[in-house]
Amino acid sequence: MRKETQRHSDRNEEAVIVHISQSCSRCAKHPDTDFTMTFLLLLVMLTACAAIPQDLSGKMFTFPQQSATSLVKLTASELLYRAVTVCHRSFTDIKRNHVLFSLATPSIANDFLMIWDDTNKELQPHIRNAKTVYGGLDYKLNMWHSICTTWDSESGLVQMWFDGQPTIRKFITSGSAITGSNIITLGQEQDSYGGGYDLKQSFVGMMSDVHMWDHTLSPCEIHKYVDGLNFTPGNVLNWGALEFQITGKVIVEDKLNACY
């Protein structure tokens, strides 16, 4: 399936290249060609190619510089979440506040947000505009960290798993599910729906293995994720079949693994 998806993507890219070549040839012969229509058609075709799910196993997003514009926008498969689990791995050397995961809806910018507060040395989950904090975590620079966050709208309880170690369960907000059209970004925090980015909250470093589920994972499944074992991939976001769009300076690279 992975090879077939790649071949399908390659064929789409080849088709776009052929269309560009043909369009340029026609434009050269007919200077009065409607460039606007041609441009819009190519834009639609390129967007369609970018939306094909890609298997990013063994890959990572590299955010190489501080920016208020560079980001990765992820396409989620659902619009209603009564419970959520989000897991990801990150590697950074930033000594300031920075975002790790941002999900916004039109009515709530911080519908599901993970941010590191460097001033107070704590991870802060924001859910439905409510916030709690987790301190005492060994958030070292220049090393990979695995972070999972679970939340259930019925109980209102949130819990984090930092490098496989669980925090206490805290009440954050209950009685209201995350619903509506959502925008998910990596690299930038949304202070408004799809915007409001702040240079001083941007992420610089590498991110990998981003998964999201519409339920709370069991401790056993979270440990499988952290240890890189055979876990059930996210049914909302799946790193092995991810739909994404890159804006600005973000690079897809092979993940860096230590050699011994």
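The values are calculated or read from the model by the stated rules, or taken from the named source; none is laboratory data. Computed from a predicted structure; not experimentally measured. Cβ atoms come from the backbone with ideal geometry, glycine included; neighbour counts cover every protein chain shown. Accessible surface areas use protein heavy atoms only, side chains included; no ligands, DNA or RNA. Shrake-Rupley method; radii C 1.70, N 1.55, O 1.52, S 1.80 Å.
One table, with the values for the structure above:
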{"item": "Lone qualifier among Ser107, Ser90, Ser102 - being open to solvent by less than 10 Å² (accessible area, probe 1.4 Å) and over 20 Å from Val158 (Cα atoms)", "result": "Ser90"}
{"item": "Where a residue in the range 74-91 is in contact (Cβ under 8 Å) with a residue 24 or more places away in the chain and its partner, wherever it lies, is of a type in the set (Asp, Glu) and surrounded by 22 or more Cβ atoms within 10 Å (Cβ to Cβ), with Cβ under 6 Å and at least six apart", "result": "Arg89/Asp209"}
{"item": "Close pairs from the range 235-260: first at positive phi, partner at pLDDT 95 or above and open to solvent by 40 Å² or more (accessible area, probe 1.4 Å), Cβ under 8 Å, at least 6 apart", "result": "Gly248/Thr69"}
{"item": "Any hit, the range 115-126, residues being crowded, with 16+ Cβ neighbours inside 10 Å, part of a loop (DSSP other than H, G, I, E, B) and either among the aromatic types (Phe, Trp, Tyr) or in contact (Cβ under 8 Å) with a residue 24 or more places away in the chain (or both)", "result": "no"}
{"item": "Matching residues, the range 193-234, being open to solvent by 30 Å² or more (accessible area, probe 1.4 Å) and either closer than 17 Å to Ala104 by Cα or in contact with an Asp or Glu (Cβ under 6 Å, 6 or more places away or on another chain) (or both)", "result": "Tyr193, Gly194, Gly196, Tyr197, Asp198, Gln201, Asp214, Thr216, Phe231"}
{"item": "Pairs, first more than 23 Å from Ala76 (Cα to Cα) in the range 166-184, second assigned to a loop (DSSP other than H, G, I, E, B), C-beta under 7 Å, six or more apart", "result": "Lys170/Thr132; Phe171/Gly156; Ile172/Thr132; Ile172/Gly156"}
{"item": "Residue match in the range 123-134 (condition: of a type in the set (Phe, Trp, Tyr), on the phi < 0 side of the Ramachandran plot and in contact with a Pro (Cβ under 8 Å, 6 or more places away or on another chain))", "result": "yes"}
{"item": "Failed criterion for Gln66 (all others in (1) in contact with a Lys or Arg (Cβ under 9 Å, 6 or more places away or on another chain); (2) among the polar types (S, T, N, Q); (3) over 22 Å from Tyr197 (Cα atoms) hold)", "result": "(3)"}
{"item": "Within the range 127-138, considering residues that are in contact (Cβ under 8 Å) with a residue 40 or more places away in the chain and open to solvent by less than 30 Å² (accessible area, probe 1.4 Å), the one farthest from Phe91 (Cα to Cα)", "result": "Ala130"}
{"item": "Single condition Gln245 does not satisfy, out of (1) open to solvent by 50 Å² or more (accessible area, probe 1.4 Å); (2) over 18 Å from the mean Cα position of the chain (by Cα); (3) of a type in the set (S, T, N, Q)", "result": "(2)"}
{"item": "Selected residue (criterion: farthest from Phe101 (Cα to Cα)) from residues of the range 139-164 that are surrounded by 18 or more Cβ atoms within 10 Å (Cβ to Cβ) and in contact with a helix residue (DSSP H, G or I) (Cβ under 6 Å, 6 or more places away or on another chain)", "result": "Trp161"}
{"item": "Qualifying residue in the range 165-184 (condition: open to solvent by less than 60 Å² (accessible area, probe 1.4 Å) and aromatic (Phe, Trp, Tyr))", "result": "no"}
